[in-house]
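Visitor: Okay, handing you the structure first.
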Amino acid sequence: MTTETRPTATLPPVPEGPAWLPLAGTYTATVDRCIVELTSRFGPLVTLRRRLTADDATLTVAPTADECALGLKLTGDALGGDELTFASTTLEPEAGGSRLRVAGELATGDPTVPSVPATLTLRVVERTDDLLLVLGTLQVPYGPLRRITGFTLSRIRPADRLRLLVAAEFTCPA
């Protein structure tokens with residue numbers, strides 16, 4: 001009787017962090033790789049459409065999904081010198097990780113002013129170990145945003161809701 005010895009297989013280490021995100025670390029989207037568009041709507045009509053500058057766009061991937069975070073800091077002519085920020089409170093995968101539901105808060109740059117709850121829905125276009133390319137939208141009613149934060153658009157542009165379109169390529173600095 002002969003005994004066969006089978007070669008042992010070495011499995012690659014399990015990466016840290018959620019499987020639907022890149023490896024753990026802090027990722028940034030440079031200004032030329034992050035597009036944000038503000039659209040104000042009144043009923044079915046678009047009353048304003050402007051491109052905003054993402055001064056700061058960061059994604060923090062932690063070993064556990066509860067600690068992951070996404071943040072955007074936006075400026076532009078459409079904001080009349082104001083600043084809008086979006087800070088996430090949770091990131092949840094949907095459709096097997098091909099979509100991300102990012103619950104957070106939309107606020108002005110003034111930390112003393114309250115924020116408005118908002119949800120950013122992102123479609124994952126591409127994901128590798130060191131890159132996340134996403135496209136998504138965030139929509140909030142304009143009235144509560146104006147009343148709570150004091151954020152206003154021009155009086156000649158009526159609006160009942162605001163929509164932010166976000167396209168970003170988050171990469172890990174080498």
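The values are calculated or read from the model by the stated rules, or taken from the named source; none is laboratory data. Remember, it's a predicted structure, so these values are computed and weren't measured experimentally. Every residue, glycine among them, receives a Cβ derived from its backbone with ideal geometry; neighbour counts consider all protein chains shown. Accessible surface is based on the protein model in full, side chains and every heavy atom, while ligands, DNA and RNA are left aside. Shrake-Rupley method; radii C 1.70, N 1.55, O 1.52, S 1.80 Å.
Visitor: Give the residues of region 62-83 that are aliphatic (A, V, I, L, M) and at pLDDT 90 or above, sorted by residue number. Write out each step before concluding.
Guide: In the first step, residues of region 62-83 are kept if they are aliphatic (A, V, I, L, M); the result is 62, 65, 69-70, 72, 74, 78-79.
Result: Ala69, Leu70, Leu72, Leu74.
Visitor: Within the group Thr90, Thr85, which residue is within 20 Å of Asp66 (Cα to Cα) and not aliphatic (A, V, I, L, M)? Quick ask: steps written out before the conclusion?
Guide: Values: Thr85 fails: within 20 Å of Asp66 (Cα to Cα).
One residue alone meets the criteria, Thr90.
Visitor: In region 78-111, which residues are over 13 Å from the mean Cα position of the chain (by Cα), surrounded by fewer than 20 Cβ atoms within 10 Å (Cβ to Cβ) and of a type in the set (S, T, N, Q)?
Guide: Once the filter is applied, which keeps residues that are over 13 Å from the mean Cα position of the chain (by Cα), surrounded by fewer than 20 Cβ atoms within 10 Å (Cβ to Cβ) and of a type in the set (S, T, N, Q), region 78-111 yields only Ser98.
Visitor: Would you mind finding the one in Pro158, Pro144 that is more than 16 Å from Thr58 (Cβ to Cβ), open to solvent by less than 60 Å² (accessible area, probe 1.4 Å) and outside any strand (DSSP E or B)? Please lay out each step first, then the result.
Guide: Details: Pro158 fails: open to solvent by less than 60 Å² (accessible area, probe 1.4 Å).
Going through Pro158, Pro144 in turn, the sole match is Pro144.
Visitor: In the list Glu169, Glu83, Glu126, which residue meets the criterion of being without any contact (Cβ under 8 Å) to a residue 12 or more places away in the chain and acidic (Asp, Glu)? First the steps, then the outcome.
Guide: Working: Glu169 fails: without any contact (Cβ under 8 Å) to a residue 12 or more places away in the chain; Glu83 fails: without any contact (Cβ under 8 Å) to a residue 12 or more places away in the chain.
Selected residue: Glu126, the only one of Glu169, Glu83, Glu126 that is without any contact (Cβ under 8 Å) to a residue 12 or more places away in the chain and acidic (Asp, Glu).
Visitor: Of the residues Leu52, Leu38, Leu48, which is at pLDDT below 90, surrounded by 14 or more Cβ atoms within 10 Å (Cβ to Cβ) and within 26 Å of Gly150 (Cβ to Cβ)? Lay out the reasoning, then the answer.
Guide: Working: Leu52 fails: at pLDDT below 90; Leu38 fails: at pLDDT below 90.
Only one candidate qualifies: Leu48.
Visitor: Before we move on, is Phe151 in contact with a strand residue (DSSP E or B) (Cβ under 8 Å, 6 or more places away or on another chain), in a loop (DSSP other than H, G, I, E, B) and either of a type in the set (A, V, I, L, M, F, W, C) or touching a residue at least 12 places away in the same chain (Cβ under 8 Å) (or both)? Spell out the reasoning first.
Guide: Values: in contact with a strand residue (DSSP E or B) (Cβ under 8 Å, 6 or more places away or on another chain): yes; in a loop (DSSP other than H, G, I, E, B): yes; either of a type in the set (A, V, I, L, M, F, W, C) or touching a residue at least 12 places away in the same chain (Cβ under 8 Å) (or both): yes.
For Phe151, the condition - in contact with a strand residue (DSSP E or B) (Cβ under 8 Å, 6 or more places away or on another chain), in a loop (DSSP other than H, G, I, E, B) and either of a type in the set (A, V, I, L, M, F, W, C) or touching a residue at least 12 places away in the same chain (Cβ under 8 Å) (or both) - is met.
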